[in-house]
Amino acid sequence: MKYRRYGNTLVVRVDIGERLMESLTEVCKKENAMLGSISGLGAVSHVTYGYLDTIIKKEKSGDMEITALIGSVTRLDGQPNFHLHITLADSEQHAWGGHLFEAEVSVTAEVFITLLDGDPINRVFSPEAGINLMDL
């Protein structure tokens, strides 16, 4: 993984065989990223995705294009916390997506993290929703 900072934007390239979420976590720890929006694209060979944060998880392997990666980085227990959604397509242009848990890059992933000024936003568990929500 390689990255550069341009003002308030981190431009990240994740390389073949690297894990996307691990790479983003590493960058956000190095840059002390507390709050931001994320977008990206690329290609993966294996992905774990699903519905909500833990309710349904699916795994898929094979050549897949990331047609859209979008979400946020906030904080949970002092660590970077990502809420990312991904849309993927196979070679026949069948598309599917959901909440991203992890992905292994097959060619490259290009991710832009736009950092926001201000106090960090932490996440707290909501018994009503059953997930960690932004504490605004």
> Under a 5 Å amide H to amide H cut-off, with H placed in plane at 1.01 Å, what residues pair with LEU35 once short-range neighbours are removed?
Replying inline: LEU116
> Mind checking which lysines have their C-alpha under 27 Å from LYS30, skipping anything on the same chain fewer than 8 residues away?
Replying inline: LYS2
> What residue among ILE66, ILE16, ILE55 has the largest mean-square fluctuation in a Gaussian network model of the chain, using Cα springs under 10 Å?
Replying inline: ILE55
> Sequence-distant or interchain residues sharing an amide H contact under 5 Å with ILE121, placed H: which?
Replying inline: ARG75
> What is the diffusion coefficient of the chain in µm²/s, taking the Kirkwood radius over Cα pairs and the Stokes-Einstein relation at 20 °C with a viscosity of 1.002 mPa s?
Replying inline: 141
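Using only helices, what value at 222 nm comes out for the chain when you add -39,500 (n - 2.57) per DSSP H run of length 4 or more and divide by the total residues, to the nearest 500 deg cm²/dmol?
Numbers: 1 runs with 11 residues, N = 136.
Computed mean residue ellipticity for the chain: -2500 deg cm²/dmol.
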> For the chain, which span is the longest to avoid every loop-located (per DSSP) member of GluC sites (Glu not before Pro) having at most 10 other Cβ atoms inside 10 Å?
Replying inline: 1-91
> Amide H neighbours of GLU18 under 5 Å, counting only residues 5+ apart in sequence or on other chains, H built in-plane at 1.01 Å?
Replying inline: VAL105
> Percent of accessible area on the range 96-136 owned by carbon and sulfur, 1.4 Å probe?
Replying inline: 55
> By the scheme Lys and Arg +1, Asp and Glu -1, what is the net charge of all other residues having a beta-carbon under 13 Å from that of ILE113?
Replying inline: +2
> How much length is gained on full extension from MET134 to ARG13, taking 0.36 nm per residue of separation minus their Cα-Cα distance?
Replying inline: 40.8 nm
> If Lys and Arg each add +1 and Asp and Glu each add -1, what is the summed charge of the other residues whose beta carbon sits under 13 Å from the beta carbon of SER23?
Replying inline: -3
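The values are calculated or read from the model by the stated rules, or taken from the named source; none is laboratory data. Values in this document were obtained by computation on a predicted structure and should not be read as measured data. Backbone-built Cβ (ideal geometry, glycine too); neighbour counts: all protein chains shown. Accessible surface is based on the protein model in full, side chains and every heavy atom, while ligands, DNA and RNA are left aside. Shrake-Rupley method; radii C 1.70, N 1.55, O 1.52, S 1.80 Å.
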